[in-house]
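First up is the structure itself, then whatever we jot down about it.
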Amino acid sequence: DFLLERVREGFSLVLTGNAGDGKTHLLRRLAPELAKCGAEIETDATAAMRPNDVSAILRRWKKTAQANRPFCLAANEYPLYLLRKSGKGFAPVDEVARQCEHRLAYAEKPTDDEDAREKVLVVDLSLRNPLALGFAGPLLDALLHQPEIQTASKAAPDSDLELNLRHLMHPVVRA
C-alpha cells in the first residue's frame, strides 16, 4: 500500500536488493495497479540491459520523466551501479545515488536528510527483516497448512516431517 501510494503521488520507484529478495515478484504483483497510475515498469534491469550497458533503461526513464509519469524499476546492485554511473546529471538518477549512499531512514517520519526527493523512492529489499513476525508468521502459516505437507505428515506420524511440523506450530517456537 505504501509503495502504491507513492506511485499515485507521482514517485518513481527503484526496488533493489539481492537476487531472490523479491524485487521482480513485487513489481509483477503491483503491475496492474502501477499501470493504472500510468507508470512505466521494468521488472528486471539485468534482463533489459546489454552487457555493461544500461542506456536503454536510462532512455526509457528519461522519456517517462518527460511525460511526467512514474518509472518503476527492479535492479540488482550491478545494473543499479551502472545506471548511477551512466545517468549522472539526470536528476532522478542523481537522487537514486543519494538514497543509495544513505539507505536507511530511522524514523516513522523521515528527516529532511532521509526524505525522498525528485519524486524518486529507492527501496532496498535486502534491508528488511525476514524474521519479523509480520513476515515470518504468514510465511509459516502458508507452509504449514499446505495440503500436500499435511497429507505427508499424517501418512508418516513418526517421521521427522511430522515432528518438525508439530514444533513449528508451537507458539513458543513461532515466537
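Give the number of residues within the stretch 54-75 that are buried (at least 16 other Cβ atoms within 10 Å of the Cβ), in a helix (DSSP H, G or I) and in contact with a helix residue (DSSP H, G or I) (Cβ under 7 Å, 6 or more places away or on another chain). Counting residues in the stretch 54-75 that are buried (at least 16 other Cβ atoms within 10 Å of the Cβ), in a helix (DSSP H, G or I) and in contact with a helix residue (DSSP H, G or I) (Cβ under 7 Å, 6 or more places away or on another chain) gives 4.
Restricting attention to the stretch 76-92 and to residues that are part of a loop (DSSP other than H, G, I, E, B) and closer than 13 Å to residue 54 by Cα, the residue that is farthest from the chain's Cα centre (by Cα) turns out to be 88. The single condition among (1) touching a helix residue (DSSP H, G or I) at 6+ places or on another chain (Cβ under 9 Å); (2) at pLDDT 95 or above; (3) buried (at least 18 other Cβ atoms within 10 Å of the Cβ) that residue 95 does not meet is (1). Pairing residues of the stretch 111-123 that are closer than 25 Å to residue 22 by Cα with residues that are assigned to a loop (DSSP other than H, G, I, E, B), at Cβ distances under 6 Å and at least 6 apart in sequence or on separate chains, gives 114/105; 119/10; 119/11; 121/11.
Considering only the stretch 81-90, I want to know if a residue exists there that is surrounded by 16 or more Cβ atoms within 10 Å (Cβ to Cβ), closer than 17 Å to residue 17 by Cα and modelled with pLDDT under 95. No, the stretch 81-90 has no match at all.
Of all residues assigned to the stretch 133-153, at least one qualifies as being in a loop (DSSP other than H, G, I, E, B), over 23 Å from residue 18 (Cα atoms), without any contact (Cβ under 8 Å) to a residue 24 or more places away in the chain and open to solvent by 50 Å² or more (accessible area, probe 1.4 Å).
So for the stretch 12-35 (the condition being open to solvent by 60 Å² or more (accessible area, probe 1.4 Å), over 12 Å from residue 73 (Cα atoms), among the polar types (S, T, N, Q) and touching a residue at least 60 places away in the same chain (Cβ under 8 Å)), does at least one residue qualify? So far as the stretch 12-35 goes, yes, one or more of its residues are open to solvent by 60 Å² or more (accessible area, probe 1.4 Å), over 12 Å from residue 73 (Cα atoms), among the polar types (S, T, N, Q) and touching a residue at least 60 places away in the same chain (Cβ under 8 Å). Looking across the stretch 36-53 at every residue that is more than 13 Å from residue 13 (Cβ to Cβ) and of a type in the set (S, T, N, Q), the one that is surrounded by the most Cβ atoms within 10 Å (Cβ to Cβ) is identified as 46.
The values are calculated or read from the model by the stated rules, or taken from the named source; none is laboratory data. Every value quoted in this text rests on a predicted model; they were computed, and no experiment measured them. Note that we place each Cβ from the backbone using ideal geometry, even for glycine, and neighbour counts take in every protein chain shown. Each accessible area value is taken on the protein alone, full model and side chains, heavy atoms only, with ligands, DNA and RNA left out. Shrake-Rupley method; radii C 1.70, N 1.55, O 1.52, S 1.80 Å.
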